[in-house]
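Input: a single structure, listed below in structure tokens.
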């Protein structure tokens, strides 16, 4: 009997001890159908000359764990764990603990450390249940268009694959942050000409390999600088930002995604603060027969703000 991909289930839990597998997931994600965690092995070929044209047996090489979570809807209640994994640090406060005790505000920023937070991921494919300890979120790519939901894709690295136990996902009603709830600001002013946008955060994680008496990696580390870049499609009504591109001047982006009310006047909300970007492309072009541009930018460190990117999440989750 075959197994339908529609029956796959994904769960995860932040590890209490790095690299030590958790027994069961505590949180769950609804993901795109092509999401997968892939554990593979390399073969080291025998390429020696022996006087005749036969291929001799290969020997085992390294094992590698990679994965992707595709088309995950950006929801205020679930995106926080992905932000923590991708950026590394979070500070949680309550904007009004006395009058709105169920509202929490989480500020995620780049962790200046070699080791990012680790998770154990779980996948039930019907044919078997597997768990993946020491899973690191390497890259997050957020995107939104003029007629849909904000979504995020995640690239994962993990150490190994192990048998897992059965689990039952607990998934609430979908509450994605939508296109009509998106406020895209450039230099502090709302720009009503943006058609679509994307923002990616890559923390540079790589597998660390040593002679650790195993074919698996010893650890997964993040030795390099973060790479934060993105793009947008925008119709021209002014060429002010294009002139900044030509002059190599900085601009600032503020992307605000707002959902429904949590309590009192506080709403579910995700805000990306990017205080300094440099455009690497801002060409004249055509978007649906109107003058527009497919813009490419990179985020850079802003000394006055003290960061290159902050993600501020307001929701009813008490902490990460």
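Principal axis extents of the C-alpha atoms in the range 123-174 (largest first, rounded to whole Å): 42, 27, 17. Rg over Rh for the chain works out to 1.03, both radii taken from alpha-carbon positions and Rh defined as the Kirkwood radius. Each 5 Å bin, from zero up to the one with the longest distance, holds this percent of the alpha carbon pairs of the range 145-197: 4, 12, 15, 13, 16, 11, 10, 9, 6, 4, 1.
Whole Å is fine, so just give me how far the alpha carbon centre of the range 86-121 lies from that of the range 300-320. If you average the Cα positions of each part, the centres end up 9 Å apart.
For the range 281-297 and the range 143-217, compute the distance between their C-alpha centroids and round to whole Å. The range 281-297 and the range 143-217 have Cα centres spaced 26 Å from each other. Once every DSSP H run of n ≥ 4 in the chain is given -39500 (n - 2.57) and the sum is divided by its residues, what mean residue ellipticity at 222 nm do you get, rounded to the nearest 500 deg cm²/dmol? When only DSSP H runs of four or more count, the value is -1500 deg cm²/dmol. Each residue in 124, 187 was given a count of other beta-carbon atoms within 10 angstrom of its own, and listing them fewest first yields 187, 124. Computed over the range 69-156, the quotient of the alpha carbon radius of gyration and 2.2 N^0.38 Å is 1.30.
log10 I(q)/I(0), Debye, Cα-only the range 1-109, no solvent, q = 0.11, 0.21 Å⁻¹? Calculated log10 I(q)/I(0) at the listed q: -0.62, -1.29. When each of 132, 235, 284, 279 is scored by the number of other beta-carbon atoms lying within 10 Å, the sequence from fewest to most is 284, 235, 279, 132.
P(r) for the range 116-252, from all Cα pairs and a bin width of 5 Å, is 2, 8, 12, 14, 14, 13, 12, 9, 7, 5, 3, 1, 0 %, short bins first.
Considered as an equivalent ellipsoid built on the Cα gyration tensor, the range 208-274 has semi-axes of 39, 26, 10 Å, the largest given first. Orientation-averaged projection of the range 173-320 equals 13.8 nm² [convex hull of Cα atoms, one quarter of hull surface area].
Annotation: the residues 278, 110, sorted from fewest to most other C-beta atoms within 10 Å of their own C-beta, follow the order 278, 110.
Every number in this text was worked out from the coordinates using simple rules, so none of it is lab data. Bear in mind the structure is a predicted one, so any value in this text is a computation, not a measurement. Heads up, the Cβs are rebuilt from the backbone with ideal geometry, glycines too, and the neighbour counts pull from every protein chain shown.
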